[in-house]
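Following: one structure in structure tokens, then a few remarks.
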Amino acid sequence: MTRILFSLAALCLLTAPIVTADEPATANKQCCTKDSCTKDCCSKESCTKDCSTKGLSAGDDVGAFLVTKVAGAKDDNVDNGDSLCYRCKYGQRPMVIVFTRVTDGSVPKLVEQLDAAVAKHSKNQLKGFVTLIGKEQKELTSEGQAMASKLGDKNIPIVVAKDSENGPSNYKLDANTAVTVVLVNHSQVVARHNFAADKVDVAAVMKQVNEMLN
């Protein structure tokens, strides 16, 4: 009997998986992509982003941050010039948070379609807001007002982040990224996308919005 037990133990040692420091021991290991990160990255050789330092990942909690409303959403009981936390105002509702350093390129199309989606999915209490960053607050305010005037949006507030240069630190925004879109539900990240100003994949974002609500 002792000999049999010894043989089985030796066999287990031979067939057990070897885990190294470069290969996390996760049952369903997922790798980040060029547009978004998951919590469990693969090895450095196959991963295209450093998930530990750049941006929120799916499943992360989303924190509060202060903004000043400058335009849009005329019926949300917030006046232009008011400072508040829109993320807090929307609570556990599904929402789309757009951080952008530009108001041209593909951004107006994204804002326009988000505005329409918020109206369409009012029963699902979908919310969204566009946060301008990257410049001084006065300049961002003028740009936000001009964009809202052209689009005539009714449901999406245009706001300027209190930290207007880099955005809220707890969102870990990439300084080299023009547009970051964060989909949130129940106060957790569903997905995050980074885009160049003229390469916002509006269709992909809207598809994920619909999937988040269903």
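Once you have the Cα-Cα distance between Gln137 and Asp198, take 0.36 nm times their residue separation minus that, and quote the gain in nm to one decimal. Kindly include the intermediate steps, with their values, before the conclusion.
Details: separation 61, 0.36 × 61 = 21.96 nm, distance 2.30 nm.
Going from the current span to full extension adds 19.7 nm.
Computed FRET efficiency, Cβ-Cβ of Ser149 and Leu66, R0 30 Å: what is it to the nearest 0.05?
It comes to 0.80.
With a cut-off of 18 Å, note down the residues of region 127-160 whose backbone N falls inside the zone around a label point 7 Å from the Cα of Leu213 toward its beta carbon.
Zone members listed by number: 127-130, 153-157.
Hey, how much of the P(r) for region 82-154 falls beyond 21 Å, as a percent of Cα pairs?
Tail of the P(r) past 21 Å holds 27 percent of the pairs.
Skipping prolines and chain starts, which residues have an amide H placed within reach, meaning under 5 Å, of the one on Val70, given they are 5 or more residues away or on another chain?
The list, which skips near neighbours in sequence, is Gly81, Ile158, Val159, Val160.
Roughly how many Å² is the accessible area per residue of region 57-134, as a whole number, for a 1.4 Å probe?
44 Å²
Efficiency by 1/(1 + (r/R0)^6): what FRET value for Gln188 and Glu112, r their Cβ-Cβ distance, R0 = 30 Å, to the nearest 0.05?
0.65
Equivalent ellipsoid semi-axes for region 73-214, as square roots of 5 times the alpha carbon gyration tensor eigenvalues: give them largest first, rounded to whole Å.
20, 17, 15
Determine the alpha carbon to alpha carbon distance for each of Lys89/Lys135; Lys123/Lys199; Lys54/Lys199; Lys54/Lys109; Lys109/Lys135 and list only those over 28 Å.
Lys123/Lys199
Residue by residue through region 83-89, which ³J(HN,Hα) values in whole Hz follow from phi under the Karplus form 6.51 cos²θ - 1.76 cosθ + 1.60 (θ = phi - 60°), with glycine and proline marked x?
After applying 6.51 cos²θ - 1.76 cosθ + 1.60, I find 9, 6, 10, 5, 4, 6, 4 Hz.
Probe radius 1.4 Å, ligands and nucleic acids ignored: give me the carbon and sulfur share of the accessible area of region 108-214 as a rounded percent.
The C+S portion of the solvent-accessible surface of region 108-214 is 45 percent.
The values are calculated or read from the model by the stated rules, or taken from the named source; none is laboratory data. Keep in mind that what you see is a predicted model, and the values were worked out from it rather than measured. Cβ atoms come from the backbone with ideal geometry, glycine included; neighbour counts cover every protein chain shown. Side chains are part of the model used for accessible areas, which takes the heavy atoms of the whole protein and leaves out ligands, DNA and RNA. Shrake-Rupley method; radii C 1.70, N 1.55, O 1.52, S 1.80 Å.
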